[in-house]
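Everything on this sheet refers to the single structure shown next.
The values are calculated or read from the model by the stated rules, or taken from the named source; none is laboratory data. It should be emphasised that the depicted structure is a prediction, and the values quoted were computed from it without experimental measurement. Cβ placement follows ideal geometry from the backbone for every residue including glycine, while neighbour counts extend to all protein chains displayed. Each accessible area value is taken on the protein alone, full model and side chains, heavy atoms only, with ligands, DNA and RNA left out. Shrake-Rupley method; radii C 1.70, N 1.55, O 1.52, S 1.80 Å.
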Amino acid sequence: DGVPQGILRCIVPAAPDAWITALEEFGTMSFGEVAAAAIRLARDGFVMYPLMAELLEEKAEKYARWPANAAIYLPGGRTPKVGELFRQQDLGASLQYMADQERAAGGDREAGLQAARAAFYRGDIARAIADYHADNGGLISMDDLAEFRVGIEPAQSVELSGTRVYGCGPWCQGPMLLQALQLLRGRDLAALGHNSPAYIHLLTEAIKLAAADREHWYGDPRFVEVPIERLLSEDYAKRRAALIRDDVASPGMPPPGDLEVSVAPNRVPIEALDTSYCCAVDSEGNLFSATPSDTSSDAPVIPGTGFVPSSRGSQSRPDPDHPSSIQPGKRPRLTPNPALAIRPGEWAMPFGTPGADVQIQAMMQTLLNIAVFGLNPQAAVEAPRFASYSFPQSFAPHAYHPGLLKMEGRIDRDTGSQLQAMGHDVDWWGEWEWQAGAMCAIRRDTASGVLEAGADPRRACYALGW
């Protein structure tokens with residue numbers, strides 16, 4: 001079924017090193033400066049909002065399994081209520097410790113950033129992680145932490161109707177967005193009509209084909225051979241797109257490439273998971289897109305630190321033949337996949353969303369709303385969405401519901417009936433469904449520098465400018 005919950009799904013956390021590396025290579029500020037707001041919100045608290053309160057209540061029994069998790073997420077023995085102040089004081093102290101070590105290093109900005117990194121991966125935080133794992137049957141050691149460094153890897157990209165779209169490599173699901181877009185090349189999407197039965201059918205079938213390749217090929221390229229150039233090529237996309245029938249839905253996930261592969265259905269409930277997304281554009285036109293994410297209810301918080309190191313081992317597979325199989329030093333195939341879109345001479349845009357396996361689908365729909373149908377970012381984000389679950393989900397136990405197509409209630413019911421007649425197993429969400437993603441995007445006009453943003457009302461998303 002996948003990697004079980006608990007300490008054994010924890011892996012070396014990459015996020016602190018990734019943030020610091022981004023600052024070193026592309027930033028101008030110190031760690032303390034960029035972490036100041038996060039430290040304040042963790043230490044002093046923020047007002048609990050409805051969706052987070054709902055998710056904490058749903059997962060209360062999971063949090064109760066470990067005292068350190070319960071202390072944060074079940075303060076006073078219960079989940080926080082909407083409107084109450086929610087504090088993560090240990091987390092604030094961990095971030096402050098990194099900032100203090102940076103300040104104590106003196107010298108230049110680079111030396112300070114190195115000190116902040118060392119505070120996490122070699123200092124007191126690392127010792128707390130390693131000791132807890134040693135005492136509780138975990139696997140993370142001081143050497144694992146001290147030796148870890150993130151890499152800087154080239155983005156993958158494709159072009160669709162004059163827009164160049166950039167995504168992450170196949171160590172995550174990023175190329176799935178690019179493959180799905182390639183399958184749409186040569187199709188007059190505008191003529192099909194926005195969210196028409198034909199349009200929803202075409203995008204859904206493209207997603208299924210891209211998901212089939214994701215399941216068969218994607219994994220950490222340092223350990224598995226991923227034919228990414230072929231998967232993103234126009235010739236391959238044409239051959240795959242020819243499998244799409246305009247009037248009949250594939251009954252489940254198609255086989256990948258030219259292979260004959262079948263996957264058994266797994267109709268376990270689809271768990272509601274959560275992620276975050278942020279993007280920024282500065283006065284010089286630099287674009288930043290990130291999907292920071294880790295869970296807090298499926299593995300133990302390290303006492304005194306305020307965080308679970310990283311339970312993303314849940315996206316590895318125990319099957320040794322799977323491209324995302326468990327191996328020492330091998331990255332799980334993650335769902336988070338931030339993206340950028342650039343239309344040369346016109347605009348540039350970071351975009352992304354939380355949403356596990358819905359991420360790719362919400363991102364594709366929002367991008368096409370802008371690039372094909374001419375919607376502004378906010379209208380593009382608010383437009384009704386749909387999502388296929390007709391392929392194995394990335395998180396254990398990898399639910400797979402062949403044919404299942406979820407649609408928001410603002411989509412016309414006759415559209416749903418026509419899709420049902422094509423073979424889609426249509427199921428209706430409410431009118432505004434948080435599981436349909438929480439898209440955020442900022443579009444910068446290349447000539448004028450004017451910024452337009454879109455923030456999703458389905459969750460607590462905001463666009464800020466100053």
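Please list THR295, THR305 from largest to smallest accessible area, probe radius 1.4 Å, with all protein chains kept in place.
Working: THR295 25, THR305 5 Å².
Largest accessible area first, the residues go THR295, THR305.
Ordering of 317-326, 120-129 by packing is 120-129, 317-326, highest average first (other Cβ atoms within 10 Å, averaged per residue). The angle between the Cα long axis of helix 124-135 and the longest principal axis of the Cα atoms of the chain comes to about 80 degrees, rounded to the nearest 10.
In the chain, Cα pairs under 8 Å separated by at least six residues give a relative contact order of 17 percent.
In what order, largest first, do HIS401, HIS216, HIS201 sit by accessible area if the probe radius is 1.4 Å?
HIS216, HIS401, HIS201
Of the solvent-accessible surface of the chain, computed with a 1.4 Å probe and all protein chains present, 53% belongs to carbon and sulfur. Keeping every protein chain present and rolling a 1.4 Å probe, give me the accessible area per residue for the range 103-175 in Å². Ligands and nucleic acids excluded, the figure is 49 Å² per residue. Ligands, DNA and RNA aside, ASP425 has an accessible area near 70 Å² when probed at 1.4 Å. Computed from point charges on the beta carbon alone (+1 for Lys and Arg, -1 for Asp and Glu), the dipole magnitude for the range 191-299 about its Cα centre is near 380 Debye.
Which value at 222 nm does the chain reach when only helices count, each DSSP H run of 4 or more adding -39,500 (n - 2.57), with the total divided by all residues and rounded to the nearest 500 deg cm²/dmol? List each step's numbers first, then the result.
Details: 17 runs with 169 residues, N = 466.
Value at 222 nm, helices only, nearest 500: -10500 deg cm²/dmol.
Filter the GluC sites (Glu not before Pro) in the range 166-241 down to the DSSP loop ones having no more than 14 other Cβ atoms within 10 Å, then list what survives. Sparse-neighbourhood loop GluC sites (Glu not before Pro): GLU225.
Would you please classify the overall shape of the range 206-249 from the alpha carbon gyration tensor, given that a ≥ b ≥ c denote the square roots of the eigenvalues, rounded means a/c under 1.5, and beyond that prolate means a/b larger than b/c while oblate covers the rest? Note, shape of the range 206-249 comes out oblate.
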